[in-house]
Amino acid sequence: MAVRALRSLVAILVGPHELAHAAVARLAGMPPEITLLPEHASGIPLGQFDATIPPSTSTSVIRVCALAPLPINLAVAVGVGTALPADSPLAVALFPLIAYWATLSGGDVAVAANPVAARNAGRFRAPGRWWQTVASLLLVPPVAVAVAVSLLVDLPPPVSP
């Protein structure tokens, strides 16, 4: 019972991030796989997206799949922010979740930076470099600000001429 509850919590925490990768991969014709609490992964990821990459797949498609959580979850933030008032308790509660979902991991950056290695491996894996982890960490503040502005700031409507 406790394991099921833990997996449910993990699915809420990482599901939308991994599903963004998976949705784009599916659109590109690659059947996606999502694993919660993967045992074989390096580090301690809560979830992991993967798909078999055919040798004919363009590097642009691989990059788009790797980076998909950022634009997709920013779009979710804009949509939710449009639907909810900025002072809504729900908007406040969703802020950290959507910001987390939109944030790219070091692995996402590694695949986006080296899609040829991922294509050669036939999976969404690329050798990690120290700067990729730093890049993913440096993206956290601007992503959080973008999500916060989308959710928590009532912007005035555009002025029509």
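Restricting attention to region 65-80, the residues that are under 20 Å from P142 (Cβ atoms) and either in contact with a strand residue (DSSP E or B) (Cβ under 6 Å, 6 or more places away or on another chain) or surrounded by 17 or more Cβ atoms within 10 Å (Cβ to Cβ) (or both) total 11.
Residues of region 118-134 being of a type in the set (A, V, I, L, M, F, W, C), buried (at least 17 other Cβ atoms within 10 Å of the Cβ) and either in a helix (DSSP H, G or I) or more than 20 Å from the chain's Cα centre (by Cα) (or both), which ones?
Quick first cut of region 118-134, residues of a type in the set (A, V, I, L, M, F, W, C) only: 118, 121, 124, 126, 130-131, 134.
Then drop every residue that is not buried (at least 17 other Cβ atoms within 10 Å of the Cβ), which leaves 118, 124, 126.
Once the filter is applied, which keeps residues that are of a type in the set (A, V, I, L, M, F, W, C), buried (at least 17 other Cβ atoms within 10 Å of the Cβ) and either in a helix (DSSP H, G or I) or more than 20 Å from the chain's Cα centre (by Cα) (or both), region 118-134 yields only A118.
Just checking, does region 41-48 include any residue being surrounded by 13 or more Cβ atoms within 10 Å (Cβ to Cβ), more than 26 Å from P142 (Cα to Cα) and touching a strand residue (DSSP E or B) at 6+ places or on another chain (Cβ under 6 Å)? Let's see the steps before the verdict.
From region 41-48, those surrounded by 13 or more Cβ atoms within 10 Å (Cβ to Cβ) are 41, 45-48; that's our starting set.
Remaining after also requiring more than 26 Å from P142 (Cα to Cα): 41.
If we keep only those that are touching a strand residue (DSSP E or B) at 6+ places or on another chain (Cβ under 6 Å) as well, we get 41.
Checked region 41-48: at least one residue is surrounded by 13 or more Cβ atoms within 10 Å (Cβ to Cβ), more than 26 Å from P142 (Cα to Cα) and touching a strand residue (DSSP E or B) at 6+ places or on another chain (Cβ under 6 Å).
For L151, the stated conditions do not hold, so it cannot be described as hydrophobic (A, V, I, L, M, F, W, C), surrounded by fewer than 21 Cβ atoms within 10 Å (Cβ to Cβ) and in a helix (DSSP H, G or I). Determine whether region 5-26 contains at least one residue that is farther than 16 Å from L104 by Cβ and in a loop (DSSP other than H, G, I, E, B). No.
Taking each residue of region 93-116 that is touching a residue at least 40 places away in the same chain (Cβ under 8 Å) and looking for partners that are among the aromatic types (F, W, Y) with beta-carbon atoms closer than 6 Å, six or more apart or interchain, yields V111/F124.
Test A83 against the stated conditions and say whether it is among the aliphatic types (A, V, I, L, M) and either surrounded by 15 or more Cβ atoms within 10 Å (Cβ to Cβ) or at pLDDT 95 or above (or both). No; evaluated as a whole, the condition is false for this residue.
Against the numbered list (1) within 17 Å of A22 (Cα to Cα); (2) of a type outside the set (S, T, N, Q); (3) touching a Ser or Thr at 6+ places or on another chain (Cβ under 8 Å), L67 comes up short only at (3). For beta carbons closer than 8 Å, sequence separation of 6+ or different chains, a first residue in region 27-39 that is buried (at least 18 other Cβ atoms within 10 Å of the Cβ) and a second that is among the aromatic types (F, W, Y), the qualifying pairs are P32/F49; I34/F49. Name the single residue, out of those in region 39-80 being in a loop (DSSP other than H, G, I, E, B), within 17 Å of the chain's Cα centre (by Cα) and not small (G, A, S), that is modelled with the highest pLDDT. My answer is L46.
The values are calculated or read from the model by the stated rules, or taken from the named source; none is laboratory data. Just so it is clear, the structure is predicted and the values come from calculations on it, not from any experiment. As a convention, Cβ positions derive from the backbone with ideal geometry for all residues, glycine included, and neighbour counts pool all protein chains shown.
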